[in-house]
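Below is one structure; the comments refer to it alone.
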Amino acid sequence: MGKTIAQKIIASHLVRGDMTPGSEIALRIDQTLTQDATGTMAYLEFETMGIDRVRTELSVAYVDHNTLQCGFENSDDHRYLQTVAAKYGVRFSRPGNGICHQVHLERFGKPGKTLIGSDSHTPTGGGLGMLAFGAGGLDVAVAMGGGAYYITMPKMFKVNLTGKLRPYVTAKDVSLELLRILSVKGGVGAIIEWGGEGVATLSVPERGTITNMGTELGATTSIFPSDEITRQFLAAQGREEDFVPLSSDPDAQYDRIIDIDLSTLKPMIACPHSPDNVVEVASLKDVKVDQVCIGSCTNSSLYDMLKVAAMLKGKTVDPSVSMSVSPGSRQVLTMLSDCGALSDILASGARVLECACGPCIGMGFSPNSGGVSLRTFNRNFLGRSGTRDGQVYLVSPETAVASALTGYITDPTTLGEGVTVTMPQKFKVNDSAVLMPLPPEQAKTAEVLRGPNIKEFPKSKPFADTLSAQLVLKVGDNITTDHIMPAGAKILPYRSNIPYLSKFCFEVCDPTFAERAKAAGDGIVIGGSNYGQGSSREHAALVPMYLGIRCVIAKSFARIHVANLINAGILPVTFANPEDYDRLEQGGNLTISNIVKGMEEGKLTVTDETGFAFQVVCNLTDRQRAILLAGGLLNYTREGGQ
């Protein structure tokens, strides 16, 4: 039987396990990336392992999240990241050089390579034919040390594209259409491969938008073929030697095939507060717009920005709309400036922000109270913008510009003929903002600089055979990592300070959670379906662990979060009977007995203080059980675990 693209890359990187869907496999990792919001913790974890040099082909530390420097905290983190990268063999992308996924696509991504990053949108690399995964920082630290990356062997989905996009219909609309079809949990346990004749009509930046948004489907990752379009992109970046052709075999088998005719798609929009709450833009034409934000790792490429500039040229943003534009990299910003497109953007009244994540993670440019904000980003979770009652919609750059010009949500196809942009044959390459690490001999004596906001990695504790704990919090379906550990300008600077950060844990759901969890000693959280969707941030597991949470019982989990819980020494289990969820009350006490035997058998019994007993399922591998019994991945690694 033939193989899919992903299966071919997995087979060439398989360290242990077999490729039977549902079984645990271990992969050799070629490249890693970190960003500053999660990177500080990842490098603290790496240092704890006592390894003197990274063992990957390439590792890059990016600064793109915490670029607002209102106090010493972010500056100290940047200094730590620069010095730790220099010492241990990691390239350092300076603040202002750009968003990690955009820069990595431009300068470092290679077809056929494996990549993991401490950011959930690392699958952007799939637009180049990489097998790229979002992961927790501890998994990235292990990979930098030469360790394997463990995942459950995914199913294979294929999206078969036919036709060609009409003017003003975009790759973002393709992503939103698939979210409408599958929902935010429809891709769980699967790798999504994009194929069909329509693929040849999509540029690498468009493909990157689609693989980036695959994260919102809950997919393990997404991937495109590496073809002539890929070769042309790499050649334009001066990297044609990195090109490797990749395609699936004609007789490859897929667990599901979805057909999308690009020529029939219309502009789509995701309504508050979920990326899968998707309708046609035209259906919301009377909704007043207060703010428009263009950028993020989803839609900040030169291709996107040139279209934005062309639509804005000679026009003015409606006086009632506040508009921002964030180029994705210094390369994009420089080339916009050189060709005059930047002047067209500025002349429209839009504000140009630095090349960083910015408003996407609540780092500035929050909407007004109750304001309607159209964003070309990948997430519109409640409160993520920094405004608790902000109404955030996800759209394409074309829909964003059309709406900024009219002041109302506007279908861009009503504006007449679409804009056409010509991509350059050669991109302007200047990697001076990527600092190379020190040579090994110099690195031995180099100092790593730590500020007072950088605290030690929190210590977890091994599991005993019985756990008696308070049900500290009960939450519903689709709880995101933004619910568990919020982002934003007020909180992100403390990502390297778990004790302080813990004050904000579950603040969106229950402002009293942190205080109550600490008072309880050992605690349990109950969740609904798709618990932990969203970001790869391991802080959503580390902080609850610090607060005493030992177990999370949910109807189902998001892939990355369940891995992070295990790495932090928190037991993730699912209800054998989902109806038992309704019988549990916050504040009660729960007891889990015979934990060691139950882990081996895959089922545990939980009893509440009234005597009500129910079954929970713990589908754990031998390795995962050993990690939990050791009290987390760091303890397990120290004890010699592989």
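Each reported figure results from applying straightforward, stated rules to the coordinates on display, with no laboratory input. Keep in mind that this is a model prediction, so the values were computed, not measured. Ideal geometry is used to build each Cβ from the backbone, glycine not excepted, and the neighbour counts take in all protein chains shown.
What is the gain in length, in nm to one decimal, between THR512 and ILE181 on full extension, counting 0.36 nm per residue of separation less the C-alpha to C-alpha distance?
115.4 nm
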### Query
Hey, what do the phi angles of segment 186-201 turn into as Karplus ³J(HN,Hα) couplings, whole Hz, using 6.51/-1.76/1.60 and θ = phi - 60°, x for Gly and Pro?
x, x, 4, x, 10, 9, 9, 9, 9, x, x, 4, x, 4, 5, 8
### Query
Roughly what angle does helix 302-312 make with the longest principal axis of the chain, taking Cα atoms, 0 to 90 degrees, to the nearest 10?
50 degrees
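As an exercise, take the mean of 1/r over every pair of distinct alpha carbons in segment 467-638, invert it, and state the Kirkwood radius in angstroms. Show your work: numbers first, answer last.
Values: mean 1/r = 0.0629 Å⁻¹.
This gives a value of 15.9 Å.
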### Query
Once both labels are modelled 7 Å past Cα along the beta-carbon direction, what's the ARG16-ARG55 spacing in nm?
1.3 nm
### Backbone HN-Hα couplings from phi across segment 458-466 [Karplus 6.51/-1.76/1.60, Hz, Gly and Pro as x]
x, 8, 9, 10, x, 7, 7, 7, 10
## Note on the structure
In nm, the gap between the two label points placed 7 Å beyond Cα toward Cβ at GLU241 and ALA519 is 6.4 nm
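Of the peptides 149-156, 168-175, 282-289, how do they stack up when ordered by the mean number of other Cβ atoms within 10 Å, highest first?
Numbers: 149-156: 21.1, 168-175: 26.9, 282-289: 15.2.
Going by the mean number of other Cβ atoms within 10 Å, highest first, we get 168-175, 149-156, 282-289.
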### Query
Over segment 494-589, one equal point on each Cα, no solvent: what is log10 I(q)/I(0) by the Debye formula at q = 0.16 Å⁻¹?
-0.65
### Listed candidates [x] 96, 60, 47; [y] 70, 59, 58; [z] 85, 58, 54 - label of the one calculated as Cα extents along the principal axes in Å
[y]
#### Entry: Segments 112-119, 97-104 sorted - mean Cβ within 10 Å per residue, highest first
97-104, 112-119
#### Entry: Distance from segment 348-391 to segment 12-30 (C-alpha centre basis), Å
39 Å
### For ASN567, net neighbour charge (Lys/Arg +1, Asp/Glu -1) across residues whose Cβ lies under 10 Å away
-3
### Summary
In deg cm²/dmol, rounded to the nearest 500, the helical mean residue ellipticity at 222 nm of the chain, built from -39500 (n - 2.57) for every DSSP H run of length 4 or more, is -8000 deg cm²/dmol
### Task
May I ask you to evaluate 6.51 cos²θ - 1.76 cosθ + 1.60, the Karplus curve with θ = phi - 60°, for each residue of segment 629-635 and list the ³J(HN,Hα) values in order in whole Hz, giving x for glycine and proline?
5, 7, x, x, 5, 5, 4
### Task
Report the paramagnetic label zone for ARG351: residues of segment 44-87 whose backbone N is under 19 Å from a point 7 Å from Cα along the Cα-to-Cβ axis.
65-71
### Summary
With a ≥ b ≥ c from the Cα gyration tensor eigenvalues, square-rooted, and the rule rounded for a/c under 1.5, otherwise prolate when a/b > b/c and oblate otherwise, segment 577-642 is prolate
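What percent do you get for the relative contact order of the chain when only Cα pairs under 8 Å and 6+ apart count? If you can, show how the numbers build up before the last one.
Values: 1627 pairs, mean separation 93.6, N = 642.
15 percent.
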### Message
Let's test the formula: R0 of 51 Å, r as the Cβ-Cβ distance of LYS315 and ARG28. What FRET efficiency results, to the nearest 0.05?
### Response
0.50
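Loop only per DSSP, at most 14 neighbouring Cβ atoms within 10 Å: give me the trypsin sites (Lys or Arg not before Pro) in segment 328-419, ordered by residue number.
Numbers: sites: ARG330, ARG351, ARG375, ARG379, ARG384, ARG388; in loops: ARG379, ARG384, ARG388.
The qualifying sites are ARG388.
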#### Entry: Global size of segment 5-264 as Cα Rg and Dmax, reported in angstrom
18.2, 58
### Query
Mind checking the angle between helix 397-406 and the chain's longest principal axis? C-alpha axes, 0 to 90 degrees, to the nearest 10.
70 degrees
#### Entry: Residues with amide H under 5 Å from that of GLU24, placed H, sequence gap 5 or more
MET153
### Query
Considering only Cα-Cα distances, which of the following residue pairs are longer than 25 Å: LYS155/LYS474; LYS8/LYS110; LYS87/LYS455?
LYS155/LYS474
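Ranking request for peptides 625-636, 296-307: highest mean number of other beta-carbon atoms within 10 Å first, then the rest in descending order. Working shown, then result.
Details: 625-636: 21.6, 296-307: 27.4.
So the peptides 625-636, 296-307, ranked by packing, come out 296-307, 625-636.
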## Note on the structure
Along the dipole axis of the chain (charges at Cβ: +1 for Lys and Arg, -1 for Asp and Glu; origin at the Cα centre), the most positive-end residue among VAL434, ALA630, GLY198 is VAL434
### Query
Among the aspartates and glutamates, which fall within straight-line cross-link reach of LYS113, defined as a Cα-Cα distance under 12 Å, with same-chain neighbours fewer than 8 residues apart omitted?
ASP30, GLU57, ASP242
#### Entry: FRET efficiency estimate (nearest 0.05) - Cβ-Cβ, THR621 to LYS455, R0 41 angstrom
0.85
### Message
For a distance above 24 Å, tell me the whole-number percent of Cα pairs in segment 425-518 that qualify.
### Response
52 percent
